[in-house]
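Let me begin by presenting the structure, written as structure tokens, before commenting on it.
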Amino acid sequence: MDNHVTWVSAVAYDGLTVATGKTIRYQGEEVALFKLSSGKIKAIQNRCPHKEGVLAEGIVCDDHVFCPMHDRKIDLSTGLVQAPDTGCVRTYSTKIENGIVFIGFPKAEELAS
Ligand code: FES
């Protein structure tokens, strides 16, 4: 599975505030990175599928984020917008090594397909 992504160091784990999103940019992609109260890290596409609200600025509740523009609720694990609304955002793998959070970006050929 690691063969399909490029791991990019994003930020120090201790530098992330629980339930406060952080925007990470890499080669034209924009990711919203979140540290949950459980300590887990989640990474999703930073733009809401509705009207491109910046999800890193949303309100985090458990393992969901509420878009700051019109309050759609998005699952941080699956990227799915919760009913009654519809849509989804891309999710990214994450890992922590030596106190650094890495985001797994799909390799270029995967993005194109
Ligand atoms: S832009 Fe996110 S709910 Fe409208």
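The values are calculated or read from the model by the stated rules, or taken from the named source; none is laboratory data. On a predicted model such as this, the values are computed, not experimentally measured, just so you know. Positions of Cβ are generated from backbone atoms using ideal geometry, with glycine treated the same way; all protein chains shown enter the neighbour counts.
Tallying residues that are farther than 16 Å from ARG25 by Cα, modelled with pLDDT under 95 and either touching a strand residue (DSSP E or B) at 6+ places or on another chain (Cβ under 6 Å) or not in a helix (DSSP H, G or I) (or both) within the range 98-113 yields 1. Looking only at residues in the range 20-33 that are in a strand (DSSP E or B) and away from the ligand (no atom under 16 Å from the Cβ), which one is farthest from MET69 (Cα to Cα)? Per the criteria, the residue is TYR26. Selection of the range 45-97 for residues being within 11 Å of the ligand (Cβ to nearest atom), farther than 21 Å from LEU16 by Cβ and either at pLDDT below 95 or outside any loop (DSSP other than H, G, I, E, B) (or both) yields LYS73, VAL81.
Quick one: would you say GLY104 is more than 16 Å from the ligand (Cβ to nearest atom) and without any contact (Cβ under 8 Å) to a residue 24 or more places away in the chain? The answer is no for GLY104.
Could you please give the count of residues in the range 47-90 that are of a type outside the set (A, V, I, L, M, F, W, C), free of Cβ contacts under 8 Å to residues at least 24 places away in the same chain and touching a helix residue (DSSP H, G or I) at 6+ places or on another chain (Cβ under 9 Å)?
Of the residues in the range 47-90, 1 are of a type outside the set (A, V, I, L, M, F, W, C), free of Cβ contacts under 8 Å to residues at least 24 places away in the same chain and touching a helix residue (DSSP H, G or I) at 6+ places or on another chain (Cβ under 9 Å).
Checking the structure you have, find out if any residue of the range 19-26 is loosely packed, with under 12 Cβ neighbours inside 10 Å and under 24 Å from GLY87 (Cβ atoms). Yes, because at least one residue in the range 19-26 is loosely packed, with under 12 Cβ neighbours inside 10 Å and under 24 Å from GLY87 (Cβ atoms).
Close Cβ contacts (under 6 Å, 6 or more residues apart or on different chains) running from residues in the range 32-43 that are closer than 11 Å to LEU16 by Cβ to residues that are hydrophobic (A, V, I, L, M, F, W, C) and exposed (fewer than 13 other Cβ atoms within 10 Å of the Cβ) comprise LYS35/VAL18.
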